[in-house]
Structure formats: structure tokens, C-alpha cells
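Accompanying notes for the structure given below.
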Amino acid sequence: MARSQSERRGRGEGERQTREESEFAERLVSINRVAKVVKGGRRFGFAALVVVGDRKGRVGYGAGKAREVPEAIRKATEQARRGMIRVPLREGRTLHHDIRAGYGAGEIIMRAALPGTGIIAGGPLRAIFEALGVHDVGAKSLGSSNPHNMIKAAFRALSGLMSPRMVASRRGKKVGEILGGRESAGRGEAA
């Protein structure tokens, strides 16, 4: 039996869609069940928080609400893909510098780490680093442990992260001048 061109085209589109989905790492951070009390009883709804990244320096987060869990996760994933940000990484494995940020009552500290350290972080922060493609980092959550506040604080910190190249272009200098100044200052303190 010969297949029509539209059937063959449909199959190719499905393969392309699964390839697109596999290039992104999706992590479900939290799912929350909420109840609305109505005349006949309770109506349940679900809120999902998802982190999506390409493991190469791009990451995003999204929140979705729906009556069913899969639909809430789908909505959150779509929002996360639309709101992805690019984060500069040192050697593709860690952050360029230490950074501290907060959102609401949540505050986080992220620190660059030496090779082989691994991801020292818990909960939502670990999900962000794994989706981002960071291999060596230390992070600590201070204050609120609410996943929404922690993720928003982390994204505030990551969006403020700058590479030496970005600093040099902003100041109108060369990268060597920026990095050279830091190294000579370190030697001056030791002497």
C-alpha cells in the first residue's frame, strides 16, 4: 500500500518535533494542588512550576495553571520556552563571578567553583543549574524556601551575570586589561 505525500510529511514533522523537544531539558520543580469550594463540593486545580534549558547557556522558567496536571505542565513549559535568557558561562562549566540576589522574602547566593566540584545546590536551584548546563557551582538559599521566590531570585541573579568580555565592551577596554587588573591587584595584596 502506497502512502500519500501528506502522510509521509506528517511523519517527518513528528520526528522533527521530538528532536526539538529532546534538545531542551525540562525539569518539573513543583506542583501545587489548590481547591475551590463550591456548592457541590470542591473543585481542584493544579499549578506547575517548570524550568527549561538547552544545557548550553540558555534557561527559562514558567508557571502554568489548569484543572489537570499535564495541561498545567504544558502551559508552564510553553511559558518557559518563550522566556529563555542567555547566561554567560566560564569555560562552559561554571559562573564568571559570585552573585547574590533576592526576590520577595527569598534570597540566594551563587558562587563559581573549581573543576570537579559539581553542583552544590538543592531544590529549584539544582534544577536551574542542570538545565543551564553548569557543572561546577555552589549555591545557598537564604530566607524563604518558596520555589517561586527562589527561582525568580535565581533568574534575577543570572540575568545580572556578566562575562569579562561584556564588562570590557561596556567600559571601552580590552579583555586583557579587565582580567589583568584583577590579577595584579591580587598580587599586590599578597606582597
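Since every read-out is calculated from the coordinates, none of them should be taken as a lab result. Worth saying up front: this structure is predicted, and the values here are computed from it rather than measured. All Cβ positions, even for glycine, are placed from backbone atoms using ideal geometry, and neighbour counts span all protein chains on display.
How large is ³J(HN,Hα) for each residue in segment 46-61, as worked out from phi by the Karplus curve 6.51 cos²θ - 1.76 cosθ + 1.60 (θ = phi - 60°), to whole Hz, x for Gly and Pro?
10, 10, 10, 10, 10, 10, 10, x, 9, 6, 10, x, 10, 8, x, 9
Ile120 versus Arg170, label points 7 Å from Cα toward the beta carbon: distance in nm?
2.7 nm
List every residue whose amide H lies under 5 Å from the amide H of Val137, counting only residues 5 or more places away in sequence or on a different chain, with H placed 1.01 Å from N in the peptide plane.
Amide H neighbours of Val137, under 5 Å, 5+ apart: Gly118, Ile119, Ile120.
Ranked highest first by average number of other Cβ atoms within 10 Å, how do 45-53, 111-119, 134-142 line up?
45-53, 134-142, 111-119
Among the listed pairs Lys65/Lys152; Lys75/Lys140; Lys140/Lys174; Lys39/Lys65; Lys75/Lys152, which have their C-alpha atoms separated by more than 26 angstrom in this model?
Too far apart for the 26 Å limit: Lys75/Lys140; Lys140/Lys174.
What is the set of long-range amide H partners of Ser144 at a cut-off below 5 Å, with H atoms built 1.01 Å from backbone N?
Answer set, sorted by chain and number: Gly106, Glu107.
For Arg90, which sequence-distant residues (separation of 5 or more, or a different chain) have an amide H within less than 5 Å of its own amide H, given hydrogens modelled in the peptide plane?
Sorted by chain and number, the residues that satisfy this are Leu95, His96.
Would you mind calculating the gained length between Glu68 and Val38 on full extension (0.36 nm times residue separation, minus the Cα-Cα distance), in nm to one decimal?
Full extension of this stretch gives 9.0 nm more.
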